[in-house]
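Asks: Below is a structure I'd like to ask you about.
Every read-out reported here was derived from the displayed coordinates using simple, explicitly stated rules and does not represent laboratory data. Keep in mind it's a predicted model, so treat the numbers as computed, not measured. Ideal geometry is used to build each Cβ from the backbone, glycine not excepted, and the neighbour counts take in all protein chains shown.
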Amino acid sequence: LGTEMATRGVGHRMMRLLELRAVSETGEAGSKRQAERFDRSPTDDAASTGSYPCPEQDRLPDLGHMRIANLFTMGIVLFAFIYEAIAYNAIFLGRILPAAGRSILAFPLALLFNGTWFMALWSYFQAHLTDPGRVPEQWRDFVRTVGEALPVTPAKAEWQPGQATFCKKCMLPRPERAHHCLVCGLCVLRMDHHCPWINNCVGFGNHKFFLLLGIYTATACCLAFVTALPDLVVCVIALVDRQHGAVCHDDALGIGDVIAFFVFGVLALTVGGLITHMLTVHIPLACRNSTSIEDCYENMTNPFDHGSSWANVSQIFGAYGPDWFFPVRPTRPLCDGIAFAAGDEERLSLTASREREPTSEVLSFEDTETQQIWRTRYQVKSRGMSEIQGEAKLPSLRDLLGCGIGGRRHHPLNVCEYKP
């Protein structure tokens, strides 16, 4: 038995060595294959080989059922939006206030509620429809251009500032703070979480819209519930004690209207409470320039904390201006989603060069300044420096493709170690 196990062990190691040799091809042919790998997506590989490169594909969740569930939750959200608007305007403003002799309050309350409700609905569709921040083609061009000079490290559940990490799902290097979403099937820049209520990821591209959605929704629910609370109490008493002749505002409302108004109050209180609780989590995260994923990291203090809530929120909303209050892209973004400034690295935030020119897009790989920022941030070595320091010390895509083969793991963090 011992001899048989030893024989199997030798055979297993030989197979692993053959795999390692196949992966670590060198020379012109290997470089060509590496360039083709950058150009191809996992979908292209699937079409040609019949299987995705993801080694964990058998353990993926049932995405079809998950997407159907997300569409169902979206339907619930839209129903709540529409129901609250109709009930507040038609029943409370249109019938209860006139019956109670307070018609003078109808117009200002309608203006406040409907304005806030519209901003919440606008934010919702922006959060749902906007690209959360898929890794742009400019980054892939950058990776192809710098090649082996780009240090690439294995992704870990810890802070990895200034390090390009390797995604085993997409089989591509990705920028710092990017994570892979199994539901969306792609890597998202500065990913926070996947939200089923908006049927989209929350990331660099729509984080601002997500926060505005929560703020305006909570405001609309609280405004509606507080202004309607006295009349809700009257109607509930009339509904409970109707058999003894109790009426709601001289019986101006029928039993169906009273029930609909009561459901409106319960819905406003429930949604407002849940959204407010959610904001108590996400607003402090934004004030620390952190995400839901990064909030669990403990290997170092937050390297992206700029020292004040205002500066940290500006990394999401852009430089302060009227656009902060509207669900539109920041007119003066302070970050491009690829290179994030650490607390003492204001230069990387692109503030100096971008803040003077309002624009909705800061990614431009042809921009020499942007290339230099990325090269500096990700410690890209020039050819001369690479030869002096030794190519073996630069963890690359080729190194990571062999990571873990033969029972060995490569730990290149000593090269890219972050020193605050």
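Asks: Mind putting a number on the dipole of the stretch 114-224 about its Cα centre? Charges go on the C-beta only, +1 for Lys and Arg and -1 for Asp and Glu, and I need it in Debye to the nearest 20.
Replies: On the way: 10 positive and 7 negative charges, 31 e Å.
Dipole of the stretch 114-224, to the nearest 20 debye: 140 debye.
Asks: Work out, step by step, the length gained on full extension between ALA106 and TYR320: first 0.36 nm times the residue separation, then minus their alpha carbon distance; give nm to one decimal. Walk me through the numbers before you get to the answer.
Replies: Details: separation 214, 0.36 × 214 = 77.04 nm, distance 3.39 nm.
Gain on stretching ALA106 to TYR320: 73.6 nm.
Asks: Within the stretch 126-159, list the trypsin sites (Lys or Arg not before Pro) lying in a DSSP loop whose Cβ has at most 13 other Cβ atoms in a 10 Å radius.
Replies: Working: sites: ARG134, ARG140, ARG144, LYS156; in loops: LYS156.
Sites meeting the loop and neighbour criteria: LYS156.
Asks: Excluding ALA164 itself, calculate the net charge of residues whose Cβ lies under 10 Å from the Cβ of ALA164, where each Lys or Arg counts +1 and each Asp or Glu counts -1.
Replies: My count for the surroundings of ALA164 gives +1.
Asks: What chymotrypsin sites (Phe, Trp or Tyr not before Pro) does the stretch 274-348 have in DSSP loop regions with at most 14 other beta carbons within 10 Å? Let's see the in-between values first.
Replies: Values: sites: TYR297, PHE304, TRP310, PHE317, TYR320, TRP324, PHE325, PHE340; in loops: TYR297, PHE304, TYR320, PHE340.
Those satisfying the criteria are TYR320.
Asks: From the C-alpha coordinates alone, can you work out the Kirkwood hydrodynamic radius of the stretch 121-165, in Å?
Replies: Details: mean 1/r = 0.0749 Å⁻¹.
The Cα-based Kirkwood calculation yields 13.3 Å.
Asks: Moving on to the next point. Quick check: from the Cα gyration tensor, does the stretch 72-205 come out rounded (a/c under 1.5), prolate or oblate? Please list the in-between numbers first.
Replies: On the way: a/c = 4.44, a/b = 3.59, b/c = 1.24.
Since a/c reaches 1.5 and a/b is larger than b/c, the shape of the stretch 72-205 is classed as prolate.
Asks: Next question, about the same structure. Out of the stretch 118-206, which chymotrypsin sites (Phe, Trp or Tyr not before Pro) are coil in DSSP terms and have no more than 10 other C-beta atoms within 10 Å? Walk me through the intermediate numbers first.
Replies: Details: sites: PHE118, TRP122, TYR124, PHE125, TRP139, PHE142, TRP159, PHE166, TRP197, PHE204; in loops: TRP159, TRP197, PHE204.
Sparse-neighbourhood loop chymotrypsin sites (Phe, Trp or Tyr not before Pro): none present.
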